[in-house]
Amino acid sequence: VQLQACGGGMVQAGGSLRLSCSASVNIFSFTTAGWYRQVPGKERELVADISTRGSTNYADSVKGRFTISRDISKNTVNLRMNSLKPEDTAVYYCKVIRTGFAYWGQGTLVTVSS
């Protein structure tokens, strides 16, 4: 499984970004698909994930601001990020679980300026 993440960039606080993770296999073959983020010196943390059935799970810090979704036509897992805060600055990674194995995409940097 190959994953390609894109959509990161620099935005001012209060702004929005949309991250997209394209997969080399059908996204509905994933048990779960999600987005994680990491800042230097800290552990990678879950931002949001979505199950095959469409159940979603969000970190408390992003609830109400971020939305994870799947685009069937493009075979992507997306993360819409609204009302961004400086503390959302991190490298964001997509991760999927398929047949018991975890696969990670490369990171995409999100920088939110105050």
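The values are calculated or read from the model by the stated rules, or taken from the named source; none is laboratory data. Small disclaimer: the values here were computed from a predicted structure and weren't measured. Methodologically, a virtual Cβ is constructed for each residue, glycine included, from the backbone with ideal geometry; neighbour enumeration extends over all protein chains shown. We work out accessible area using only protein heavy atoms, side chains counted, and drop any ligands, DNA or RNA first. Shrake-Rupley method; radii C 1.70, N 1.55, O 1.52, S 1.80 Å.
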Response to the item:
So THR52 and THR31, fully extended at 0.36 nm per residue minus their Cα-Cα distance, gain in nm 7.0 nm
Worksheet, complete the sentence: On the accessible surface of the chain, probed at 1.4 Å with all protein chains in place, carbon and sulfur together account for a percent value of 49 percent
Worksheet item: Cα atoms only, the chain: Rg and Dmax in Å?
Response: 13.2, 42
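Scan the stretch 1-104 for GluC sites (Glu not before Pro) in coil per DSSP, keeping those whose Cβ has at most 15 other Cβ atoms within 10 Å, and list them by number. Display every interim value, and only then the final one.
Working: sites: GLU43, GLU45, GLU87; in loops: GLU43.
Those that pass, being in a loop and sparsely packed, are GLU43.
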Discussion item. If you average the alpha carbon positions of the stretch 52-114 and of the stretch 5-47, how far apart do those two centres end up, in angstrom?
Written reply: 3 Å
Fill in: Magnitude of the charge dipole, the chain, Cβ model with Lys/Arg +1 and Asp/Glu -1, debye to 20
200 debye
Worksheet item: Looking at the stretch 11-109, which trypsin sites (Lys or Arg not before Pro) are in a loop (DSSP not H, G, I, E or B) and have at most 13 other Cβ atoms within 10 Å?
Response: LYS42, ARG53, LYS63, LYS74
Worksheet item: Largest first, how would TRP35, TRP104 line up by accessible area (1.4 Å probe)?
Response: TRP104, TRP35
Worksheet item: Anyone know which of SER69, SER22, SER61 comes out most mobile in the 10 Å Cα GNM of the chain?
Response: SER61
Worksheet, complete the sentence: Under a Gaussian network model of the chain whose springs join Cα atoms within less than 10 Å, the largest fluctuation of TYR92, TYR58, TYR103 belongs to TYR103
Worksheet item: Taking θ as phi - 60°, what are the ³J(HN,Hα) couplings along the stretch 22-27 by the Karplus curve (6.51, -1.76, 1.60), each to the nearest whole Hz, with x for Gly and Pro?
Response: 9, 10, 7, 10, 4, 5
Worksheet item: Which value in nm describes the separation of the simple spin-label points at ASP71 and ALA13, placed 7 Å from the Cα toward the beta carbon?
Response: 3.0 nm
Worksheet, complete the sentence: Over the chain, with neighbouring protein chains present, the accessible area per residue in Å² at probe 1.4 Å is 53 Å²
